[in-house]
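Colleague: After the structure tokens below, expect a handful of questions from me.
The values are calculated or read from the model by the stated rules, or taken from the named source; none is laboratory data. Computed from a predicted model, the values in this text were never measured in an experiment. Counting neighbours? That spans all protein chains shown, and the Cβs are built from the backbone with ideal geometry, glycine included. Remember, those area values only see protein heavy atoms, side chains included, never the ligands or the DNA or RNA. Shrake-Rupley method; radii C 1.70, N 1.55, O 1.52, S 1.80 Å.
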Amino acid sequence: MKLATWNVNSLKVRLPQVLDWLAANPVGALCLQELKLDHDKFPLEAFAELGYQACWAGQKTYNGVAVISKGEGLHVQRNLPEFDDHQQRIVAATLSSPIGDIRVISAYCPNGQAVGSDKYEYKLRWFAALREWLAGELKQYPRLAILGDYNVAPRDEDVHDPAKWKGGVLVSAPEREAFGALLDLGLTDAFLMFDQPEKSFSWWDYRQMAFRRNAGLRIDHVLVSDALKPFCTACIIDKEPRRNEQPSDHTPVVATLEFGSA
DNA sequence: ATGGTTGTTGAACAA
């Protein structure tokens, strides 16, 4: 069973690419971010034609998240219950698997704009609220994966030019601490469980031919709980969709779970 | 060089 995440930067524009990718890459669940679609404009039928179901939290113009899944998503939760916010950044659903229920969360963490800005303060408050909520989710659902665009590059190795980015938004110490506080709950960055190519990134700015120069950041992550971690056998970044015509600025990250047979 | 690109909504904002 594969779990994937992809910030599509407008599902309206990227829907054909997402459908093509799903047809070539069957998954148990695909978490999407930045739908930029009103809640009732979600293209459920297009996914149904490929045999997928979906849970989503849509919003006009900005944000919006979804969990596309082979099986039905149950106990759907939208947004952080204790955080008063109209921005649609979280959707959670329970999926069944051979080892029992797995809680799958699609997260679109705030960008933060610039260190010290109002949006940056909002980002840090949002991460704190996410941590509080996740602690409860983990108690209720020990087998949990939270996938999404965290807008945090956790290590200097996740930054194409650490000197240039040093202290800036997406890499600043408070943001990395907020991300680390999630891991402290008993979550592991699945990408780092395995040998990976150097300079592996998941996002490249549209400007200045950043993708061709591999001037990117690794800000999209798959976090697996301690109970799920032993079943995770691979995690890769699929750069192919970033080469598409009219691509998203992000590319998918895909984790493999294997449940064995005996 | 405070530039540059894309998406949404309709000149500005967000990323």
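Colleague: What Kirkwood hydrodynamic radius, in Å, does region A:34-93 give when the mean of 1/r is taken over all pairs of distinct Cα atoms and then inverted?
Modeller: 11.8 Å
Colleague: What nm distance separates the two modelled labels at A:A23 and A:K41, each placed 7 Å from Cα along Cα→Cβ?
Modeller: Once both label points are built, they end up 2.4 nm from each other.
Colleague: Which net charge results for the neighbourhood of A:D226, defined as the other residues with beta-carbon distances under 14 angstrom from its beta-carbon, given Lys and Arg at +1 and Asp and Glu at -1? Please list the in-between numbers first.
Modeller: Working: positive: A:R103, A:K139, A:R143, A:K229; negative: A:E137, A:D184, A:D189.
With Lys, Arg at +1 and Asp, Glu at -1, the net is +1.
Colleague: Considering only protein heavy atoms, what per residue accessible area in square angstrom results for region A:145-190 with a 1.4 angstrom probe? Could the numbers behind the result be given before it?
Modeller: Values: 1720 Å² over 46 residues.
Per-residue accessible area for region A:145-190 comes out at 37 Å².
Colleague: Quick check: at a probe of 1.4 Å, how many percent of the accessible area of chain A sits on carbon and sulfur atoms? Working shown, then result.
Modeller: Working: 5900 of 11850 Å².
So the carbon and sulfur contribution to the accessible surface is 50 percent.
Colleague: Largest first and to the nearest Å, give the Cα extent of region A:131-262 along each principal axis.
Modeller: 48, 36, 25
Colleague: Using all C-alpha to C-alpha distances in region A:143-192, build P(r) with 5 Å bins and read off the rounded percent in each one.
Modeller: 4, 19, 31, 23, 14, 6, 2, 0
Colleague: Moving on to the next point. All other residues with a Cβ under 10 Å from the Cβ of A:G64 taken together, and with Lys, Arg as +1 and Asp, Glu as -1, what is their net charge? Working shown, then result.
Modeller: Values: positive: A:K36, A:K41, A:K60, A:R89; negative: A:E34, A:D38.
Charge balance in the 10 Å sphere: +2.
Colleague: Continuing with this model, one more query. Could you give the distance between the Cα centres of region A:145-222 and region A:84-140, to the whole Å?
Modeller: About 17 Å separates the Cα centre of region A:145-222 from the one of region A:84-140.
Colleague: Would you list the membrane-span-like helices of chain A, meaning whole DSSP H runs whose alpha-carbon atoms span at least 18 Å along their axis and whose mean Kyte-Doolittle value is at least -0.5? Please report the intermediate quantities before stating the final value.
Modeller: On the way: long enough: A:11-24 (20 Å, 0.66); A:118-140 (33 Å, -0.85).
Span-like helices in chain A: A:11-24.
Colleague: Give me log10 I(q)/I(0) at q = 0.16, 0.17, 0.21 Å⁻¹ for region A:60-215, Debye formula, one equal scatterer per alpha-carbon, no solvent.
Modeller: Here log10 of I(q) over I(0) equals -1.01, -1.13, -1.49.
Colleague: Moving to a separate point now. Once you place label points 7 Å from the Cα toward the Cβ at A:N214 and A:A114, how far apart are they in nm?
Modeller: 3.2 nm
Colleague: Quote the convex hull volume per residue of region A:1-137, based on C-alpha atoms, as a whole number of Å³. Working shown, then result.
Modeller: Details: hull volume 15.6 nm³, N = 137.
Residue-normalised Cα hull volume stands at 114 Å³.
Colleague: Something else about it: Counting only other residues whose beta carbon sits under 11 Å from that of A:M1, what net charge do I get with K and R as +1, D and E as -1?
Modeller: Values: positive: A:K2, A:K70; negative: A:E258.
The answer is +1.
Colleague: I've got another one for you. Which length gain, in nm to one decimal place, applies between A:D85 and A:Y206 when the Cα-Cα distance is subtracted from 0.36 nm times their residue separation? Numbers along the way, then the final one.
Modeller: Values: separation 121, 0.36 × 121 = 43.56 nm, distance 2.88 nm.
The span from A:D85 to A:Y206 would gain 40.7 nm if fully extended.
Colleague: Taking the Cα atoms of chain A alone, what are Rg (to one decimal) and Dmax (as a whole number) in Å?
Modeller: 17.0, 53
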